[in-house]
Amino acid sequence: MSLSRKSSYGMGSGDAYKSNEISTVSQGKLIVMLYEGAIRFLNIALDHINNPKKYDVVNTNIVKAQEIISELMVSLNLDEGGKVANDLLALYVYFKKRLLEANMEKDGRIIREILKHLTELKKAWEEIEKTEPSAQATLQKSSGISIQG
């Protein structure tokens, strides 16, 4: 998964629209979108966790959430982000470890735990976007996320 803008050649109209949407949003909004995706995938996994016939769906969606968390991890600028970036990295490592456990054990309690944390982080980023007009400039300067092609 890459946050870089992809060429719209060969994409369906929905894919091209999504690519354009991603390439034009602020860095903070892009992070919120990643959280939303991870939350969506974990909710799908949770919906099927009690049905052994749907364990493939559970696995696929937990793995997708883990991939998003990996993307959040590599987007951190540990050199300039200081304690906040290091704390987020520690959280993301913890989330990935717990999701691995949830996937192996098919444990909905663990998924709910991670969903709670991701939801709180998403809300925090939404607040940053709303309350700080300079948030986009700050994020572009200090964030490792690049949406440039």
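No value in this document is a laboratory result; all are computed from the given coordinates. All values derive from a computational prediction rather than experimental measurement. Neighbour counts run over all protein chains shown; Cβ positions are idealised from the backbone, glycine included.
What the Cβ-Cβ distance of D56 and E120 gives, at R0 = 30 Å and to the nearest 0.05, is a FRET efficiency of 0.55.
How much FRET efficiency would the formula 1/(1 + (r/R0)^6) give for V74 and R112, where r is the Cβ-Cβ distance and R0 is 25 Å, rounded to 0.05? If you can, show how the numbers build up before the last one.
Details: r = 26 Å, r/R0 = 1.04.
Here the calculated transfer efficiency is 0.45.
With the simple model of a label 7 Å out from the Cα in the direction of the Cβ, K130 to S26 spans 1.3 nm.
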